[in-house]
Each structure stands twice: as structure tokens, then as C-alpha cells.
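Here the structure is laid out as C-alpha cells; the discussion comes afterwards.
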Amino acid sequence: MSGDDKMEAEALDWALRVGDPAFEDWDGFTRWLDESPAHARAYDTVAAAVADGAELIGSSAPANDDALPAIMATAPRRPRRAWLGGAIAASLMLVGGLWVWQAGSRDLYRIETLPGQVRTVALDAQTRVDMAGGTAMEFDRNDPRFARLKNGQALFTVRHDEARPFQVTVGEDTLVDVGTVFDVRRNGEDLSVAVSEGAVQFNPKAQDLRIAPGEVLRRHGKAGDYTLGRIAPARVGEWREGRVTFEDTPLRTVAADLARATGVAYAVAPGSADRKVSGSLLVAPLRADPAALGPLLGIEVREDAKRWMIGVP
């Protein structure tokens, strides 16, 4: 088997495995993609063939699901995928059939990170989600264009597809990708959405707000007003590089963000939750010395049992 044939076979194998609702080896899939740019190109080609197969079956399948096996056995191959060969083409048709059969239902799986941990989830060759520490998310085994942020923070780097826009749900809110890179944070009922590239449409069926590059949408509390402000694009997702920045930010948000980023049990002192501070901090020094936060933000930091309480004197 030539090198190209081996790579194509590996791409097909990953396509078949990723399409399985029980698939969990996302780390292995990501490592394979990162080994060579050619792997991502091969996977894209196979994924496109899967989409073609699904489209073909979807256009010809009757409402009766029992007829699908017969259709998969007899459906003709599309000429422009002739290089795939008989066995590969048949496998792709099977994947396409499963995709059509499952598309109407959600099959969610949950991924959580510990405080101080960062994890990357690859949804396809050009779409990934970087999860900050202390974050819980749900993804759909049947639909790589969907994600749900339960709590915490995540940076989305998305392959834009007008025909199948990427959708993120956060509580009762819905975000629809109109671009490529955006950061979403949920602390309780506080929400922020920051965009560095492309754009995000916020609640298209309600507020229908467009968040452009260099803009951040914020809401404090479930019933709070939405405000649209400015943010330097380079700051979007900066937590991946070990830095967090606050601009006139309530201490309840500071405590939650720092606990996620550092793994240190920061908590806000009674009566200080709504007090606001500003500053840009490196995460690593705070892991070594949690009390160093005090002079950096001009606040009081005291150890209370296993927590570090922050507040304004």
C-alpha cells in the first residue's frame, strides 16, 4: 500500500469511527490531524464524500426507515469520488445512511474540565473548541455543528458553512456562527460573548444581535440588559496563553474566572460581589502565591479554610 493509500484508509477509518455514537477517542483523532496537514486534507475529502452520500440517500429515501438498507445497497456512486474505490465508497454510503437516519435526534455526550485545566475538542478538521478550566459542555455525536455550554468558558474556532451554520446554546440563549473565532463565558446567569474573527448572531429569533470582530456582548443576571462593548481581538481567548484581563469587572466574575484559570479556590467575600476592578494578570504567579492577587488589583485577599476570599477593603 502506498503512502497516499495508507493515509486515505486512515482518514476513512477515522470518518467511520467519529460517526459512531459511542466514539470517545477525540484526543487520538486530534493527534492524528496534527501529525500532518495532509491528514486534515484527506479527512476533509472523505468527510465531503460522506456528505455526498448522505445527500444522495436523503434525496431518494422514502419515509419508511426500513427501506434504507436496500437503498444503501443499490445507490450508485457519484463519479467525482471515483478515486475512493469500491470498498471505500460502500463504507461512505453506509456512513451517509446512518447520518440521515440519526439526523433528527440529538445524541449528546458531556465533557468537563477541572479548574486550572485546558482541553481542546476537535469536532472536525477545521473546527475545534478550547475549553477553559471548570467548564462543562455537551456535544452531539450525530451533529458536529452543535455544542451546548452548560457553565464555564470556551473558545470556538469554527469552519464557516452557510448551509450548516455552527450553533451554540447557552441556557435559553442561542449563538449562530457567522464567522470563525469567538469566546463564550457563562458564570451562573452572567453571560459574555466576544468575537475576534467573523461574527456571531445572538438569539436570531429574539434579540437578533450581531456581534462583530472586536465586540463583546455582556449580560449580568438572567434578567439583565444586554450591552455591546469593545474588546481588543487579541484578548479574545487570551486565557489559553495564561493571561486574564478585567476591565471594570464585578468581583464575582473575577473570582469565578480566576478559579477556572488557576485551579485556586478563589471566592468573593460577602458584600463585595458587585464591586468592580480592572487589571491584566498572568495566571502562573497566582498559582504559586494566591495572595499576590491583592496588590495587583488593589483588593483584599485572605485565606479562609481552603478558600481565598477576595473583596474591597
Restricting attention to the stretch 200-239, which residues are surrounded by 15 or more Cβ atoms within 10 Å (Cβ to Cβ), more than 21 Å from the chain's Cα centre (by Cα) and more than 24 Å from residue 134 (Cβ to Cβ)?
226
Have a look at 179, 152, 242, 133 and point out the one that is surrounded by fewer than 17 Cβ atoms within 10 Å (Cβ to Cβ) and of a type outside the set (Asp, Glu).
242
Lone qualifier among 253, 245 - being among the polar types (S, T, N, Q) and within 21 Å of residue 114 (Cβ to Cβ)
253
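Quick check, is residue 224 touching a strand residue (DSSP E or B) at 6+ places or on another chain (Cβ under 7 Å) and at pLDDT below 95?
Numbers: touching a strand residue (DSSP E or B) at 6+ places or on another chain (Cβ under 7 Å): no; at pLDDT below 95: yes.
Against the criterion (touching a strand residue (DSSP E or B) at 6+ places or on another chain (Cβ under 7 Å) and at pLDDT below 95), residue 224 does not qualify.
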Since residue 248 meets every condition but one in (1) loosely packed, with under 15 Cβ neighbours inside 10 Å; (2) among the charged types (D, E, K, R); (3) in a helix (DSSP H, G or I), which condition does it not meet?
(3)
Being among the aliphatic types (A, V, I, L, M), modelled with pLDDT of 65 or more and either within 31 Å of the chain's Cα centre (by Cα) or under 16 Å from residue 124 (Cβ atoms) (or both): is that true of residue 56 here?
no
Quick one: is residue 279 outside the structural domain of residue 192 (by TED's automatic domain parsing), at positive phi and in contact with a helix residue (DSSP H, G or I) (Cβ under 9 Å, 6 or more places away or on another chain)?
yes
List the pairs whose first member sits in the stretch 185-213 and is basic (Lys, Arg), whose second member is assigned to a strand (DSSP E or B), and whose Cβ atoms are under 6 Å apart, counting only residues at least 6 apart or on separate chains?
185/153; 185/192; 186/149; 186/151; 186/170; 210/201
Determine whether residue 259 is within 17 Å of residue 151 (Cα to Cα) and either assigned to a strand (DSSP E or B) or within 19 Å of the chain's Cα centre (by Cα) (or both).
no
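What number of residues within the stretch 220-238 satisfy the criterion of being in a loop (DSSP other than H, G, I, E, B) and basic (Lys, Arg)?
Qualifying residue count, the stretch 220-238: 1.
Any residue at all in the stretch 190-197 that is farther than 20 Å from residue 131 by Cβ and buried (at least 16 other Cβ atoms within 10 Å of the Cβ)?
To start, the set of residues in the stretch 190-197 that are farther than 20 Å from residue 131 by Cβ comprises none.
No, the conditions are met nowhere in the stretch 190-197.
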Positions within the stretch 292-313 being more than 19 Å from residue 243 (Cβ to Cβ) and assigned to a helix (DSSP H, G or I), in sequence order
none
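Just checking, does the stretch 140-149 include any residue being of a type in the set (Lys, Arg), touching a residue at least 60 places away in the same chain (Cβ under 8 Å), surrounded by fewer than 18 Cβ atoms within 10 Å (Cβ to Cβ) and not assigned by TED's automatic domain parsing to the domain that holds residue 26?
Yes - at least one qualifying residue is present in the stretch 140-149.
Go through the stretch 151-165 and give me each residue that's touching a residue at least 24 places away in the same chain (Cβ under 8 Å) and either under 10 Å from the mean Cα position of the chain (by Cα) or over 25 Å from residue 17 (Cα atoms) (or both). Spell out the reasoning first.
Within the stretch 151-165, the subset touching a residue at least 24 places away in the same chain (Cβ under 8 Å) is 151-160.
Scanning the stretch 151-165 gives 151, 152, 153, 154, 155, 156, 157, 158.
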Out of curiosity, is residue 285 outside any strand (DSSP E or B), at pLDDT 95 or above and not assigned by TED's automatic domain parsing to the domain that holds residue 113?
yes
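The values are calculated or read from the model by the stated rules, or taken from the named source; none is laboratory data. Bear in mind the structure is a predicted one, so any value in this text is a computation, not a measurement. FYI the Cβ positions are ideal-geometry reconstructions off the backbone, even for glycines, and counts take in every protein chain you see.
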